[in-house]
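Some notes on the structure that comes next.
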Amino acid sequence: MRLTAMAVWIGLSVFGMGSASAQGFVRSPMSVGEKFSYFEERVFGPRALVMSSIGSGIRMLHPPSQYPPEWRTGTAAFGRYMGDRYARHAAEGTARFAASALLHEDPRYQRSASSAFFPRLAHALGCTFSDRTEGGRRTVAVSNFAGAAAGGFVGNAYLPDGFNDTRHAG
């Protein structure tokens, strides 16, 4: 029953709220150059390197036991994990930029107008599956799905044999 209620909240948040202009959420559309700058900061900025380093360090704590030894210990293993994680991140950002530029999606997150917990949670979860167009209307978040697919498959190119297949994407 609770899962059904959550699905209703997400559905209302994502597609039942109407256009952004009706809610007062109008932003000026981003040009392709502005979208490129937006994603450039996320892909090549200091946060991307720090988060890739942290994720690589965490992965070093519990590497898959089936990985070859050169992928489990030492600075070379950390470098491999770092390269893998950053390649995934860069591929995801590049695919999200390309899809949002081609489909005229606005990549910026817009906060929920509600101050209540569950409507805000539903809004945040719903933004995984929906974006706004440059005109402020809701649409399916194709750029999010394209980014996830690209990150999953491109990062696999750097994994050891036996882990670089579609079964391990993502």
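The values are calculated or read from the model by the stated rules, or taken from the named source; none is laboratory data. Given the structure is predicted, the values throughout are model-derived calculations rather than measurements. Ideal geometry is used to build each Cβ from the backbone, glycine not excepted, and the neighbour counts take in all protein chains shown. Heads up: the accessible areas ignore ligands, DNA and RNA and are worked out on the full protein's heavy atoms, side chains in. Shrake-Rupley method; radii C 1.70, N 1.55, O 1.52, S 1.80 Å.
Numerical summary
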item: Accessible carbon and sulfur surface of the range 34-83 relative to its total accessible area, %, 1.4 Å; result: 64 percent
item: Fraction of accessible area attributable to carbon and sulfur, the range 84-170 (%, probe 1.4 Å); result: 61 percent
item: Overall dimensions of the range 20-149 as given by Cα atoms, namely Rg and Dmax in Å; result: 18.1, 58
item: Net charge of neighbours whose Cβ lies under 12 Å from the Cβ of ARG138, counting Lys and Arg as +1 and Asp and Glu as -1; result: -1
item: Whether the range 67-143 is rounded, prolate or oblate, judged on the alpha carbon gyration tensor where a/c under 1.5 counts as rounded; result: oblate
item: Whole-Hz ³J(HN,Hα) from phi, Karplus 6.51 cos²θ - 1.76 cosθ + 1.60, for the range 120-126, glycine and proline x; result: 5, 4, 4, 5, 5, 5, x
item: Amide H contacts of ASP106 (H built 1.01 Å from N, under 5 Å, at least 5 apart or other chain); result: ARG132, THR133, GLU134
item: Residues of the range 100-159: accessible area per residue with a 1.4 Å probe, Å²; result: 52 Å²
